[in-house]
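The values are calculated or read from the model by the stated rules, or taken from the named source; none is laboratory data. In this text, all values refer to a predicted model and were calculated from it rather than measured experimentally. Glycine gets a Cβ as well: all are built from the backbone with ideal geometry, and neighbour counts include every protein chain shown.
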Amino acid sequence: MTSVVELYEQLASAPDDKTRARLIAEAFERMEERYPEVKDLATQTHLRETELRLQKEIEQLRGDLTREIKQLRSGVVRWVVGLLAGQTAVILAAFFAVAWL
């Protein structure tokens, strides 16, 4: 791979614009071959778009989780109230059974 100075010298000594354009294109091609990850670099815009999408998904998941927790909580409360009512009925029945003896 030629250095930047060599590229400059080639561009400066090129006879016409077509030759200069070819030299620049070849330099880019060599750079892409040497650093293939350059094609996959993320820009600030890409990162910001990804961040916004993730924030939206997190908020949606948070809302889903909140709804699920509320449903589970109401189910647990119903079971606890039912069990307390049943336990109270058993205790009162036992109390009255002993009292009638």
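The table below lists the values:
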{"item": "Close pairs from the stretch 73-101: first surrounded by 10 or more Cβ atoms within 10 Å (Cβ to Cβ), partner at pLDDT 95 or above and of a type in the set (D, E, K, R), Cβ under 7 Å, at least 6 apart", "result": "none"}
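Residue-by-condition table, conditions (1) over 29 Å from the mean Cα position of the chain (by Cα); (2) among the hydroxyl-bearing types (Ser, Thr, Tyr):
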| position | (1), (2) |
| --- | --- |
| 19 | yes, yes |
| 30 | yes, no |
| 48 | no, no |
| 62 | no, no |
| 75 | yes, no |
